[in-house]
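Written out below as structure tokens is the structure these notes cover.
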Amino acid sequence: MTAAEAGPSLADLGWDRRTEALFAEHAAQGLLPGRVLVEHRGSYVVAAGGNEHDAAVSGRFRHAVVDAEEFPAVGDWVGLSHLDGPVLIQAVLPRKSRFARPARGDVPGAQVVAANVDLVLIVAGLDHDYNLRRIERYLALAWSSGAEPVIVLNKADVCPEVGERLAAVASVAPGVPVRVTSARDGVGLDGIAPLLEAGRTVALLGSSGVGKSTLVNALLGWDRQATTEVRADDQRGRHTTTMRELLATPSGALLIDSPGMRSVGMWEADEGIESAFSDVDALAADCRFTDCSHGPEPGCAVQAAISDGTLAAARLDSRRRLERELAALERRRRLDRSEKRRRGRRMSKAIRGHMRAKYGEAG
């Protein structure tokens, strides 16, 4: 392979001082660094040593896994035992950010669908998909992930009220950059291009039909993702992205458009809710009582803001709804932890029974 044909270097993949420091202990053990580009069911494609390799987790790694979130995900930095023959993943480096959803099957915990994301583009359609409450939810998810959010309002070509909707989005996303695009026509992409810095990992988050795949194609400069029209009857989109993958843009940024990003949940969004509703918290600081529920209490600054139109009542309702969802997920996590302990006890009991049957009682 010539230098011109060589695959991405570590720097091309986003390797930085933080990653180098985290990998030091694995390097001392003789492991080689790589980054997960593609995730299939039970297998991966990793970039390492200037090439792409098919890879799988090692038996030792699989045996040590307790939660689904410990398995590699697209964007993860991993330690590889070698690059010859079947490439085995021996370790996953700590993530600086992640998007997760409740795990499926009988494995407790969360399933990570994208890791080490620097910037998340929250894509919302300016057609029938436009929904402020959904944008608030995605903002909470983005902030909780550890990535920086930017809102992309797509399909400006079919919306006669772009200015009004832009102002409404700005009101529920204080301090968050907002870009308006028509990905199909290539309009507004110059506002996104400066965000795509070399080595920066960017993920797209949004519901089906908002034009994420069209936007991905536009940012890549070629048709990498299949696209379809929204359904005429309900304006809902069809899922066209079928594989989790890390793609390089012409500018050197790394782009993740994962089908799993459609179903990320409020798995660990406590801090994300605080950031997404910072305006509500700022008002709450002036409430008469520190434990104000923002209901019938006297001296509630939040209710006063709702009364004078400074704050939309729907915004407080949205925060409360997300907080209830988080509380329900926390109950699920407690159940998961209890089930994990029960499994451990059953396993220990089974092992003791096997040892007694084989060797008899000790002593």
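Residues checked against (1) among the hydrophobic types (A, V, I, L, M, F, W, C); (2) without any contact (Cβ under 8 Å) to a residue 24 or more places away in the chain; (3) touching a strand residue (DSSP E or B) at 6+ places or on another chain (Cβ under 9 Å); (4) more than 18 Å from residue 203 (Cβ to Cβ):
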| position | (1), (2), (3), (4) |
| --- | --- |
| 16 | no, no, no, no |
| 28 | yes, yes, no, yes |
| 36 | yes, no, yes, no |
| 45 | yes, yes, yes, no |
| 54 | no, no, yes, yes |
| 57 | yes, no, yes, yes |
| 67 | no, no, yes, yes |
Among 157, 190, the single one that is touching a Ser or Thr at 6+ places or on another chain (Cβ under 7 Å), farther than 20 Å from residue 322 by Cβ and of a type in the set (Asp, Glu) is 157
Let me spell it out: the conditions are (1) surrounded by 20 or more Cβ atoms within 10 Å (Cβ to Cβ); (2) aliphatic (A, V, I, L, M); (3) closer than 29 Å to residue 186 by Cβ, and residue 168 meets all of them except one. Which number is the exception? (1)
Just for region 79-122: of the residues that are of a type in the set (Val, Ile, Thr) and modelled with pLDDT of 90 or more, which one is surrounded by the most Cβ atoms within 10 Å (Cβ to Cβ)? 120
For region 243-293, which residues satisfy the criterion of being modelled with pLDDT under 70, farther than 14 Å from residue 145 by Cα and assigned to a loop (DSSP other than H, G, I, E, B)? 243, 258
Anything in region 129-140 that is within 14 Å of residue 318 (Cα to Cα) and assigned to a loop (DSSP other than H, G, I, E, B)? List them, or say none. 131
Take the residues of region 22-78 that are of a type in the set (Asp, Glu), crowded, with 20+ Cβ neighbours inside 10 Å and outside any helix (DSSP H, G or I): which is farthest from the chain's Cα centre (by Cα)? 39
What strands (runs of 3 or more DSSP E) lie completely within region 141-208 and have 3 or more residues being more than 22 Å from residue 279 (Cβ to Cβ), in the same structural domain as residue 248 (by TED's automatic domain parsing) and at pLDDT 90 or above? 201-205
Pair list, Cβ under 7 Å, 6 or more apart: region 316-336 residue farther than 23 Å from residue 277 by Cα, other residue buried (at least 17 other Cβ atoms within 10 Å of the Cβ): 336/108; 336/109
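The values are calculated or read from the model by the stated rules, or taken from the named source; none is laboratory data. This structure is a prediction, so every number in the text was calculated from the model and none was measured. A quick note on method: Cβ atoms are made from the backbone with ideal geometry, for glycine too, and the neighbour counts reach across all protein chains shown.
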